[in-house]
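**Student:** Handing you a structure now.
The values are calculated or read from the model by the stated rules, or taken from the named source; none is laboratory data. Note that this is a predicted model, so its numbers are computed, not measured. Cβ placement follows ideal geometry from the backbone for every residue including glycine, while neighbour counts extend to all protein chains displayed.
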Amino acid sequence: MIYEVPSPDVPIQQGDIFRGVPRIEISLEALSVLEEDEQLEKKTWKDILSGNDPARPETVTAVLPIKPVLAIVIMQNCDAVRGHSISLCEIDSYLTEKENPPTTPKKWQSRIMEDVRKIPRLFYLPADESIGIGERMAVDFRSVLRVPRTDLEAMREHRIVRLNHVANEHFRETLAQFFRRYPVNEWYPLTKEEFEAYAEAKKPEPVEPYPWQS
């Protein structure tokens, strides 16, 4: 398929896929903060900031849940070997649990091609059980994780695979397009009547009119 298995001792590079990357689950409205008496106290982030000197901010020690996830390196190769930390994007199931999967190759290719064109935040990854990807997956460019470089290098036995040359070229370009794109509201040139029809078709997605469409 589109993967290759690197030797464990080769440097980390863009397109490397790791399992067991830690993703911290955090809520700014409910933090378990470890106080000086080693007791946990529930606080909000606003509570913590209100008692902190902005000129001399102090480190806060808190208990946070950590979930191991599948993730792919998005850093350029030169940064991946020299940077203090390495950025990765989370990989998750391509289809949600509520979705009915396509039933034929024709329907699958139609779904995949449509998503490639219309959902820039996703990068499709086909299943390959031989290397540990047992289902169709997708990179989500909105979910960025950061791991100290030396820590990720120590986890190289958890690097299950990397994208091959062709796949990585497409990955690099899709990644760049996502982060450099500008927001465009396609409905801006519509008349008031056309906008109303457009908004109705988009429900339940919220669509706000421009002044000339109100």
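**Student:** May I ask you to list the residues in the stretch 1-36 that are part of a loop (DSSP other than H, G, I, E, B), under 15 Å from the mean Cα position of the chain (by Cα) and touching a residue at least 60 places away in the same chain (Cβ under 8 Å)?
**Tutor:** Listed by number, the residues that qualify are GLN14, GLY15.
**Student:** Do we have any residue at all in the stretch 91-102 that's in contact (Cβ under 8 Å) with a residue 24 or more places away in the chain and in a helix (DSSP H, G or I)?
**Tutor:** no
**Student:** List the number of the failed condition for SER87; all other conditions in (1) assigned to a loop (DSSP other than H, G, I, E, B); (2) among the hydroxyl-bearing types (Ser, Thr, Tyr); (3) within 23 Å of PRO148 (Cβ to Cβ) hold.
**Tutor:** The single condition SER87 does not satisfy is (1).
**Student:** Then there is this: Out of LYS98, LYS46, which single residue is exposed (fewer than 13 other Cβ atoms within 10 Å of the Cβ) and either at pLDDT 90 or above or under 19 Å from VAL161 (Cβ atoms) (or both)?
**Tutor:** Result of the check over LYS98, LYS46: LYS46.
**Student:** Out of the residues in the stretch 55-69 that are within 27 Å of the chain's Cα centre (by Cα) and not in a strand (DSSP E or B), state the one that is farthest from ASP37 (Cα to Cα).
**Tutor:** Filtering first and then ranking leaves PRO65.
**Student:** Only residues in the stretch 169-197 that are in the same structural domain as LEU125 (by TED's automatic domain parsing) and β-branched (Val, Ile, Thr) count as the first member; pair them with residues that are surrounded by 14 or more Cβ atoms within 10 Å (Cβ to Cβ) and not in a loop (DSSP other than H, G, I, E, B), Cβ under 7 angstrom, at least 6 apart or cross-chain, and list the lot.
**Tutor:** Pairs found: THR174/PHE123.
**Student:** Determine which member of the set THR104, THR191, THR174, THR150 is loosely packed, with under 12 Cβ neighbours inside 10 Å, among the polar types (S, T, N, Q) and within 30 Å of ARG82 (Cα to Cα).
**Tutor:** THR150
**Student:** Test of understanding: among MET113, MET75, which residue is of a type outside the set (Val, Ile, Thr) and without any contact (Cβ under 8 Å) to a residue 24 or more places away in the chain?
**Tutor:** Answer to the selection: MET113.
**Student:** Suppose we keep only residues that are polar (S, T, N, Q) and in contact with a Phe, Trp or Tyr (Cβ under 6 Å, 6 or more places away or on another chain) within the stretch 161-214. Which one would you say is farthest from PRO6 (Cα to Cα)?
**Tutor:** So the residue we want is GLN213.
**Student:** Still on this structure, please answer the following. If the requirement is being hydroxyl-bearing (Ser, Thr, Tyr) and within 14 Å of GLN13 (Cα to Cα), which of these qualifies: THR103, THR150?
**Tutor:** Result: THR150 is the single residue among THR103, THR150 that is hydroxyl-bearing (Ser, Thr, Tyr) and within 14 Å of GLN13 (Cα to Cα).
**Student:** Every residue in the stretch 61-72 that is surrounded by 14 or more Cβ atoms within 10 Å (Cβ to Cβ), free of Cβ contacts under 8 Å to residues at least 40 places away in the same chain and not small (Gly, Ala, Ser), please.
**Tutor:** Selection gives nothing.
**Student:** Here are the criteria: (1) at pLDDT 95 or above; (2) under 29 Å from PRO183 (Cβ atoms); (3) out of contact with any helix residue (DSSP H, G or I) (no Cβ under 7 Å at 6 or more places or on another chain). Tell me which single one TYR124 does not satisfy.
**Tutor:** With respect to (1) at pLDDT 95 or above; (2) under 29 Å from PRO183 (Cβ atoms); (3) out of contact with any helix residue (DSSP H, G or I) (no Cβ under 7 Å at 6 or more places or on another chain), TYR124 is out only on (3).
**Student:** Report yes if GLU41 is over 21 Å from LEU175 (Cβ atoms), part of a strand (DSSP E or B) and either modelled with pLDDT under 95 or of a type in the set (S, T, N, Q) (or both), otherwise no.
**Tutor:** Answer is yes for this residue.
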